1. Please work out if Leu40 is open to solvent by less than 30 Å² (accessible area, probe 1.4 Å) and within 15 Å of Asn107 (Cα to Cα).
2. Taking the options Ala122, Ala79, name whichever one is of a type outside the set (Lys, Arg), touching a residue at least 24 places away in the same chain (Cβ under 8 Å) and either open to solvent by 50 Å² or more (accessible area, probe 1.4 Å) or not in a loop (DSSP other than H, G, I, E, B) (or both).
3. If only one of Asn114, Asn88, Asn107 is over 20 Å from Ile19 (Cα atoms) and without any contact (Cβ under 8 Å) to a residue 24 or more places away in the chain, which one is it?
4. How many of the residues in segment 101-115 are in contact with a strand residue (DSSP E or B) (Cβ under 9 Å, 6 or more places away or on another chain) and open to solvent by 40 Å² or more (accessible area, probe 1.4 Å)?
5. Is it fair to say Lys12 is modelled with pLDDT of 95 or more, open to solvent by 40 Å² or more (accessible area, probe 1.4 Å) and of a type in the set (Lys, Arg)?
Amino acid sequence: LIFIIERVALNKNISVNIILLNKNAQLPQKQHEIDIGYDLYTCNEYNLEPKKITIIETGISIQLPVNCGGFVLPRSGLAAKHGITSINSPGLIDPGYTGEIKVPLINHSEDSYNFKIGDRFAQLVFIQVSNANFIKVDKLDISIRSDKGFGSTG
């Protein structure tokens, strides 16, 4: 039995229009060519107090193509080493939103944490999506998992 698999152009680049809103704003960039996430940078100094939420400004606005979204994700190093993460992770940027990208971070630690201008604090990952057609039915097909919820896969 032979299967023919059609190659999908996975490395097709998208074009994202971007505005730098102030002199401290930086273009998002990857640290390594094969990385998925584009680092986002602070455009101001911030002191994150313990157990508090702070809105971090990036100083950038983007315009995404139709059927493309952006997920803003926390940086794993900040979370693991300092207890700092995004309070709404992942944050979703819809193609229709063209305002400044701002990220609410929470400091779960007992210590204050300071960001300087230009520090990396989050990542932007792009997703391409299709629209869904919801079909109202009376019953769903039975599956191995069915209605087994959280933790049901071990």
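1. Numbers: open to solvent by less than 30 Å² (accessible area, probe 1.4 Å): yes; within 15 Å of Asn107 (Cα to Cα): no.
For Leu40, the condition - open to solvent by less than 30 Å² (accessible area, probe 1.4 Å) and within 15 Å of Asn107 (Cα to Cα) - is not met.
2. On the way: Ala79 fails: touching a residue at least 24 places away in the same chain (Cβ under 8 Å).
The unique qualifying residue is Ala122.
3. Details: Asn114 fails: without any contact (Cβ under 8 Å) to a residue 24 or more places away in the chain; Asn107 fails: without any contact (Cβ under 8 Å) to a residue 24 or more places away in the chain.
That would be Asn88, the only listed residue that is over 20 Å from Ile19 (Cα atoms) and without any contact (Cβ under 8 Å) to a residue 24 or more places away in the chain.
4. Let us first name the residues in segment 101-115 that are in contact with a strand residue (DSSP E or B) (Cβ under 9 Å, 6 or more places away or on another chain), namely 101-109, 112-115.
From what is left, the residues that are open to solvent by 40 Å² or more (accessible area, probe 1.4 Å) are 102, 108, 112-114.
The qualifying residues number 5.
5. Working: modelled with pLDDT of 95 or more: no; open to solvent by 40 Å² or more (accessible area, probe 1.4 Å): yes; of a type in the set (Lys, Arg): yes.
No; evaluated as a whole, the condition is false for this residue.
Per-residue answers, yes or no, for (1) in contact with a Ser or Thr (Cβ under 7 Å, 6 or more places away or on another chain); (2) closer than 19 Å to Gln29 by Cβ:
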site	(1), (2)
Thr58	no, yes
Gly70	no, yes
Gly77	no, yes
Ile93	no, yes
Ile106	yes, no
Tyr113	no, no
Ile135	no, no
Asp138	no, no
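The values are calculated or read from the model by the stated rules, or taken from the named source; none is laboratory data. Owing to the predicted nature of the structure, the values given are computational and were not obtained by experimental measurement. Methodologically, a virtual Cβ is constructed for each residue, glycine included, from the backbone with ideal geometry; neighbour enumeration extends over all protein chains shown. Ligands, DNA and RNA are stripped out before the accessible areas are found, and what is left, the full protein with its side chains, is counted by its heavy atoms. Shrake-Rupley method; radii C 1.70, N 1.55, O 1.52, S 1.80 Å.
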